[in-house]
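Working notes, beginning with the structure itself.
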Amino acid sequence: DDAYNVALIHHYMGLSQELAGKLYGALAHYEDSLVCWQELGSLGPWSNTLNGLGVVYHSQGRYDDALRALTEALAKAGQAGNLRVEAFAWASLGDLRRDLGADEQARQAYNEGLRAGARAGEGFAVTYSLDALGNVARLQGNLDQARKWLLEAMAHAEKHGSDYETGLCDTSLGILAGEE
């Protein structure tokens, strides 16, 4: 009878299914979580689940659904004053825009994610956004700017010792080196 924890468990089950590549299972859990958050009116966690749902829709190629979910995630995160979720939702929106070939809109979204992540003190969001900005610059053919963003992302990742983040940056720097 603890709706908040039921919603939280569904959210994390959705995330675990998403990370395992089981996207239909992820959707089911995220949708169950959303029903609970809606009943509770918990905007912060609700926005986080919407972000997860948007990422899954993006992965499935359901771009209109992804855009709708991510836009709603941003609105709810803003209403809740949750900069952490806002940073991740901006990054997710940037990924969607990048994959749709809207590089300038992607760059704008990543910049917003960078600002929100920095204000929230969310190191991963900052590294991810810097890395993404570097990749967008590379896609636009601006290899010098790409290198600057990617090296800044790497320095940030190394500063707080995240092997995952340094691996992300190493991958992007390797792709850039291949293009150079």
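Using a Gaussian network model of the chain in which every pair of alpha carbons under 10 angstrom is joined by a spring, one finds that among A89, A109, A155 the greatest mean-square fluctuation is at A155. For C36, C169, the ranking by accessible surface with the largest value first comes to C36, C169, using a 1.4 Å probe.
Ligands, DNA and RNA aside, E72 has an accessible area near 80 Å² when probed at 1.4 Å.
Long hydrophobic helices in the chain: the complete DSSP H runs spanning 18 Å or more by Cα along their own axis with mean Kyte-Doolittle hydropathy of at least 0.0 are 3-19, 23-40, 43-59, 123-139, 163-179. Would you list the P(r) distribution for the range 24-180, with all Cα-Cα distances sorted into 10 Å bins from 0 and each bin expressed as a whole %? With a bin width of 10 Å, the distribution comes to 13, 38, 34, 13, 2, 0. Which residues among the range 66-94 fall inside the zone where the amide N is under 20 Å from a point 7 Å beyond the Cα of Q145, along Cα→Cβ? The answer is 91-94. PRE reach from N111 (point 7 Å along Cα→Cβ): which of the range 81-100 fall under 20 Å by backbone N? Output list for this probe position: 86-100. Note down the Stokes-Einstein diffusion coefficient of the range 95-180 in µm²/s, whole number, using a Kirkwood radius over alpha carbon pairs, 10 °C, and 1.306 mPa s. In µm²/s, the coefficient is 126.
The values are calculated or read from the model by the stated rules, or taken from the named source; none is laboratory data. Remember, predicted model here, so these are calculated numbers, not experimental data. Here the Cβ is made from the backbone with ideal geometry for all residues, glycine too, and neighbour counts use every protein chain on show. With ligands, DNA and RNA removed, areas are computed over all heavy atoms of the protein, side chains included. Shrake-Rupley method; radii C 1.70, N 1.55, O 1.52, S 1.80 Å.
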